[in-house]
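The values are calculated or read from the model by the stated rules, or taken from the named source; none is laboratory data. Treat the numbers as computed from the prediction; the structure is a model and nothing was measured. Ideal geometry is used to build each Cβ from the backbone, glycine not excepted, and the neighbour counts take in all protein chains shown. SASA here: full protein model, heavy atoms, side chains in, ligands and nucleic acids out. Shrake-Rupley method; radii C 1.70, N 1.55, O 1.52, S 1.80 Å.
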Amino acid sequence: MTVPGSDGFDPVIHAPHRLRICALLEAAGEAEFGTVQQQLQVSASVLSKQVAALMEAGYVAQRKAVRDTRQRVWLRLTADGRTAYRAHSATLRAIIGDGVNAAT
């Protein structure tokens, strides 16, 4: 499992596709692999690579089941993933907020 920095910034989540995956799963709770692929407009191989990195960190879990006679994969954030995503998001908001305040 990856340990984010003490400031909440998490380099595993920060990669653009992984950040978008986490945001989508945070909002949806659980989403089918194909739905995530369509939303991100990436190939299956790109999504698989990004999901693998999140799974290796312990942030995403998958569930496999048959639907419409085909094997389907559903993705969800784990409790650790949800915590890390929320901390990372808060850190990004703080960085942006600091930039706005510094400019005014």
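Derived scalar couplings between HN and Hα for region 58-70 equal x, 8, 10, 10, 10, 10, 10, 7, 8, 9, 6, 6, 10 Hz in order, rounded to whole Hz, by the Karplus curve 6.51 cos²θ - 1.76 cosθ + 1.60 (θ = phi - 60°), x for Gly and Pro.
Relative protection proxy for 40-53, 9-22, from highest mean packing down: 9-22, 40-53 (other beta-carbon atoms within 10 angstrom).
Counting only protein heavy atoms and a probe of 1.4 Å, the accessible surface of the chain is 54% carbon and sulfur.
Electrostatic tally near Ile21: other residues with Cβ closer than 12 Å to its Cβ, Lys and Arg +1, Asp and Glu -1, net +3. Angle check, please: helix 79-103 long axis (alpha carbons) against the longest principal axis of the chain (alpha carbons), in degrees 0 to 90, nearest 10. Approximately 40 degrees, to the nearest ten. The C-alpha atoms of the chain define a longest principal axis, and helix 16-28 lies at about 70 degrees to it. Result for the chain in a Gaussian network model with C-alpha springs under 10 Å: among Ala79, Ala57, Ala65, the largest mean-square fluctuation is at Ala65.
Comparing mean-square fluctuations of Leu54, Leu92, Leu75 from a GNM of the chain with C-alpha springs under 10 Å, the top value falls on Leu92. Near Val60, the amide H atoms lying under 5 Å from its own belong to Met55, Thr78; only residues 5 or more places off or on other chains count, and H is placed 1.01 Å from N. Shown here are the Rg and Dmax of the Cα trace of the chain, at 15.1, 58 Å.
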